[in-house]
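The values are calculated or read from the model by the stated rules, or taken from the named source; none is laboratory data. Everything numeric here is computed off the predicted structure, so don't read it as measured data. Quick reminder, even Gly has a Cβ in these numbers, built from the backbone with ideal geometry, and neighbours come from all protein chains shown.
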């Protein structure tokens, strides 16, 4: 096989996979495409080793999250983007090692923040309940 033949066949394989909706190594995924090693996900795209996620895209090692984009190792997150190593975030972007944040951007190692402002645990849950009702978030 010549170099040219090899590269042509490799490109054909890449194109075939890119246009494929297959989910190799995934289990019980519904309406997902190009996911790998995922379980119990719905309508996700290009995710890796995610579980129980809905409507996520380009995420890896996430669980119980929905509407997230390009998140890594996050759990119980909603509508977040580019977050990592975090849990219980809502509408956050570029947050790392954070827990219980709502509408935050660019935080690291933060807990109980709303719009990048720190709150006590009790105040956080009270304000988040109000915000979720006002914004129609479940």
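Is it fair to say residue 42 is crowded, with 17+ Cβ neighbours inside 10 Å and either under 20 Å from residue 91 (Cβ atoms) or not assigned by TED's automatic domain parsing to the domain that holds residue 112 (or both)? Before the answer, list the steps.
On the way: crowded, with 17+ Cβ neighbours inside 10 Å: no; either under 20 Å from residue 91 (Cβ atoms) or not assigned by TED's automatic domain parsing to the domain that holds residue 112 (or both): yes.
Answer is no for this residue.
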Inset, instruction - Report the residue count in segment 114-138 for those that are modelled with pLDDT of 95 or more and either touching a helix residue (DSSP H, G or I) at 6+ places or on another chain (Cβ under 8 Å) or not assigned by TED's automatic domain parsing to the domain that holds residue 81 (or both). - result: 2
Inset, instruction - Name the one entry in 138, 127 that is over 23 Å from residue 56 (Cα atoms) and either free of Cβ contacts under 8 Å to residues at least 40 places away in the same chain or part of a loop (DSSP other than H, G, I, E, B) (or both). - result: 127
Inset, instruction - Scan the strands (runs of 3 or more DSSP E) fully inside segment 33-122 and keep the ones with 3 or more residues being within 12 Å of the chain's Cα centre (by Cα). - result: 87-90
Legend entry - residue 4 vs. criteria surrounded by fewer than 20 Cβ atoms within 10 Å (Cβ to Cβ) and either assigned by TED's automatic domain parsing to the domain that holds residue 128 or over 18 Å from residue 138 (Cα atoms) (or both): yes
Legend entry - Hey, residue 89 farther than 17 Å from residue 137 by Cβ, modelled with pLDDT of 95 or more and crowded, with 19+ Cβ neighbours inside 10 Å or not: no
